[in-house]
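**Student:** Shown below is the structure under consideration.
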Amino acid sequence: MRQVDVAMIVIKSPSEIAIMRKSGAILALALLAVRERIAPGVTTAELDAIAEEIIRSHGAIPAFKGVTQHSGQAPFPATITSSINDELVHGIPGPRKLRDGDIISIDCGTIFKGFVGDSAFSAPVGEVTQEAARLLEVTEQALAVGIEMMRPGNRTGDVSHAIQQHVETRGFSVVREYTGHGVGRSMWEQPQVPNYGSPGRGARLRPGMTIALEPMVNQGAPGTRILSDQWTVATVDGKPCAHFEHTIAVTRDGPVILTLP
Ligand code: MG
Ligand code: MG
């Protein structure tokens, strides 16, 4: 079974990775514009419109719009997912206004010339508590720690373990139900890269693998639930959470972040 899984990992050529870098650069511009607009009083629908306009004006298309995860679920209606405070991922943009002290997590995807970019960040709205600021800092650090491990010869478990260690030794928890993943022509490819795991386990990283790494960190317990809109994922205990994500290429020279402007 393991061999089958490894065979399903799609290795990208340098020219394909160059296209993915372009897709990721467009996405990064959109996320940068969204981040600049974040302030008390702004609605999540306004943030969504900004992202869509930038992505389309650069010749890419929003990757999340129209996606369903399982039959019976309404297609995702927007360009970004916007998730506030105890909401972790997959929140639907709408009339909700950001408030001073909120944490907002924005996830977004692009498709450019058939290749997907996938990236997310969490940010404070106005002034947040010290603990919320710490949660954001540790989650962003966990992504950097994971990226650093994405070198040929390491295994996905080495990446997972490094993220989990960084988070748990700082008093926070990692979500189990959602994981990092291969990405390319499809938004979800092999291998899965959980935010918890054991060193030396999982698929071996090879040059040409492209993986979206995405630590999801809870201030309280790791459990999540799906809200009645069938999309929004929130923490079970109602405590805040954070999410950072980049699409990374594994290369002979080390990890290359593809979702930068
Ligand atoms: Mg994402
Ligand atoms: Mg992702």
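The values are calculated or read from the model by the stated rules, or taken from the named source; none is laboratory data. Only a predicted model underlies this, so the values are computations on that prediction, with no experimental measurement involved. Counting neighbours? That spans all protein chains shown, and the Cβs are built from the backbone with ideal geometry, glycine included. When the accessible area is computed, the model is the full protein with side chains, heavy atoms only, and any ligands, DNA or RNA have been set aside. Shrake-Rupley method; radii C 1.70, N 1.55, O 1.52, S 1.80 Å.
**Student:** Just the residues that are touching a residue at least 24 places away in the same chain (Cβ under 8 Å), open to solvent by 20 Å² or more (accessible area, probe 1.4 Å) and assigned to a helix (DSSP H, G or I), please, taken from segment 31-47.
**Tutor:** Matches in segment 31-47: Leu32, Arg35, Ala45.
**Student:** Among the candidates Val145, Val174, which residue alone is of a type outside the set (Asp, Glu) and free of Cβ contacts under 8 Å to residues at least 40 places away in the same chain?
**Tutor:** Sole residue among the options that is of a type outside the set (Asp, Glu) and free of Cβ contacts under 8 Å to residues at least 40 places away in the same chain: Val145.
**Student:** Being open to solvent by less than 20 Å² (accessible area, probe 1.4 Å), away from ligand 1 (no atom under 15 Å from the Cβ) and of a type in the set (Gly, Ala, Ser) is the filter here; which residues of segment 61-116 pass it?
**Tutor:** The answer is Gly94, and nothing else.
**Student:** Can you name the residue in segment 157-195 that is hydroxyl-bearing (Ser, Thr, Tyr) and outside any helix (DSSP H, G or I) and is also least open to solvent (accessible area, probe 1.4 Å) among such residues?
**Tutor:** The selected residue is Ser173.
**Student:** Any residue at all in segment 250-260 that is among the small types (Gly, Ala, Ser) and part of a loop (DSSP other than H, G, I, E, B)?
**Tutor:** Checked segment 250-260: no residue is among the small types (Gly, Ala, Ser) and part of a loop (DSSP other than H, G, I, E, B).
Residues checked against (1) more than 29 Å from Ala49 (Cα to Cα); (2) in contact with an Asp or Glu (Cβ under 6 Å, 6 or more places away or on another chain):
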residue: His90; (1), (2): no, no
residue: Lys97; (1), (2): no, no
residue: Ile103; (1), (2): no, no
residue: Ser119; (1), (2): no, yes
residue: Ala123; (1), (2): no, no
residue: Glu137; (1), (2): no, no
residue: Met149; (1), (2): yes, yes
residue: Asp158; (1), (2): yes, no
residue: Gly197; (1), (2): yes, no
